[in-house]
Amino acid sequence: MKIELSGPQWDFVQATDQFPALVAGFGAGKTHAGVWRAITKKLTYPKQNVGYYLPTYDLVARTGFPRFEEVLSEVGMPYKLNKNEAVIEVDGCGQIIFRTMDAPARIVSFEVADSIVDELDTLPTEKARDVWNKVISRNRQKKPDGSLNTVGVATTPEGFGFVYERWVKSPAPGYRIIKASTQSNAVNLPDGYIDSLRNSYPSSLLSAYLDGEFVNLTAGSVYPEFDRALNASAEVVKPGDALHVGLDFNVTNMAAVVHVLRGDEPHAVDEITKGFDTPAVIGILKDRYPNHQIMVYPDASGGSRRSVHASASDLSLLKAAGFRVCANASNPAVKDRVLSANAMIHKDGKRRYRANPQACPNLVESLEKQAYNKNGEPDKASGFDHILDAAGYFIAYRYPIVKRIASVSPLRM
C-alpha cells in the first residue's frame, strides 16, 4: 500500500534510532506520523505490543482511538477496540496499549517493545522527565531479531523544556531530532491555515508553532537572536592567546567568562560559576592560565566595595594579581549592555559573538533562556543573570553601542 507522508513524517516513521523525536509546528502531522510509526512497528514485530501515550484520557478518546481506527481500517487490518482497558487488539498482531501522561505513577503493569509519546513537551519539565523514565521502563519486551526497544516522540516544542534538554542540550547516543515545519504538511491543511497562524501569533511564537523551533516562550527573550548552533564556536585557548575575562562580583556566587579574539570576533571559551570571592576567582584564573596575558572587564562597582581583605577593593585585588583591569567609571545602563550584546550576537546578517557550548554550557543556556520580567527588565529570579552580566561587561566595554551626539551651534544671520 502506498503511504503518502511528508519528508519529515517519513523520516520519523522509518527512523531506526532508539529515541527519535519529531519536533514540529502546528498542523505538521505529528500524530499522523506517530500513528504510522506505531503501525509500522506492529507489522514488523506482530507478536510484540506497542505503547501509545497522550497527555490525557480525553485526548486518547478523541484523538488516539479515532486515528488508529482510521489507519487500521485503511490498511485492512482487523482489530477490536476495548475502550475500558484503553487497548486495541489487532488481529494476529498483538496489542496497541494506550496510556495517559497526567499521572506518571499509573504507567505500570504492562510491557511493550516499542512506544510513541505524543506531545511530551506540553508537560512541565520535571513531570515530562518522570513520564519519560516510566515509559522507558515499560519498553522491555524482547524482539525476535534482538534489535533495540525504541521510544519515538512527536511533539510541538514548548520553550526550553524536557525535549530540548534531552535531545538538544545534552543529547546521548540514540537521540535523534527531526524538525518539521507546518509548511511541510501544507498539502493536507485547509486553505488559509498557515496564514491564520501568522495572523494570530507574534513572531517569537511563530518560530515554535510554525517552524518547530525551540524558542523562549516566557515574556520575551532578552537575547532573541542567539542560536546555540549558529553562534557556536569550536575555539579553545591557544598558547600565546591574550584572554579577555568578563567578571561579575557576587559574594559566594561570582561569575566569569573567558574570551579569546579571532580577528576582532570574540569567542567565549571558558567560564567560572559560583566563585566564592575575588581572591578565589583570581586563583582559578592563575591556575588555569599561568602563561597568558589576562585582561579583566569587571563590574565597575567593584572599585568601591570590599572583598575578603578589608583594606582592598575588588578592582585593586585584580590589579595586584597582575591583571589588566578594563573598566569605566560606572557600569553602562542595563539596556545599553543588552543592546551591545544583541548587536554582537546578530546584526545585519552577521554573528560576531560566539560561544563554545561544551566549554561554556551555563553561558549558552542563559543566553537562550533569560526572559524579561513583568517590569520589562531582564529576569534575575532564574539565576541566569550572573554569567550574562559577566559576559555583558566585556562586550559593552569593548563593543559598545555608539550613541550619536547632536551638537548645537548658534545660527548666524
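The table for this structure:
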{"read-out": "Candidate lysines for bridging to residue 335, where Cα separation is under 29 Å - those fewer than 8 sequence places away on the same chain excluded", "value": "169, 274, 319, 347, 350, 369, 374, 380, 403"}
{"read-out": "Per-selection metrics, the stretch 243-398 (Cα): Rg and Dmax in Å", "value": "14.9, 49"}
{"read-out": "Per-residue Cβ neighbour rank within 10 angstrom, fewest leading, 316, 382, 200", "value": "200, 382, 316"}
{"read-out": "Estimated FRET transfer efficiency when R0 is 51 angstrom, pair residue 319-residue 126 (beta carbons, to 0.05)", "value": "0.65"}
{"read-out": "Cα gyration tensor category, rounded, prolate or oblate, for the stretch 142-245 with a/c compared to 1.5", "value": "oblate"}
{"read-out": "Residues 237, 281, sorted so that the one with the fewest Cβ neighbours within 10 Å comes first", "value": "237, 281"}
{"read-out": "Descending Cα extents along the principal axes, the stretch 7-209, whole Å", "value": "47, 37, 31"}
{"read-out": "Per-pair calculated FRET efficiency, R0 = 22 Å: residue 232 and residue 293 via Cβ, rounded to 0.05", "value": "0.25"}
{"read-out": "Order of 140, 99, 288, 129 - criterion: other Cβ atoms within 10 Å of each residue's Cβ, fewest first", "value": "140, 288, 129, 99"}
{"read-out": "Helix-only CD estimate at 222 nm, as mean residue ellipticity for the chain, using -39500 (n - 2.57) per DSSP H run (n ≥ 4)", "value": "-8500 deg cm²/dmol"}
{"read-out": "Choice from 66, 104, 55 with maximal GNM fluctuation in the chain (Cα, 10 Å cutoff)", "value": "66"}
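No lab work stands behind these numbers, since they all come straight from the coordinates. Because the structure is predicted, anything quoted here is derived from the model rather than measured. Methodologically, a virtual Cβ is constructed for each residue, glycine included, from the backbone with ideal geometry; neighbour enumeration extends over all protein chains shown.
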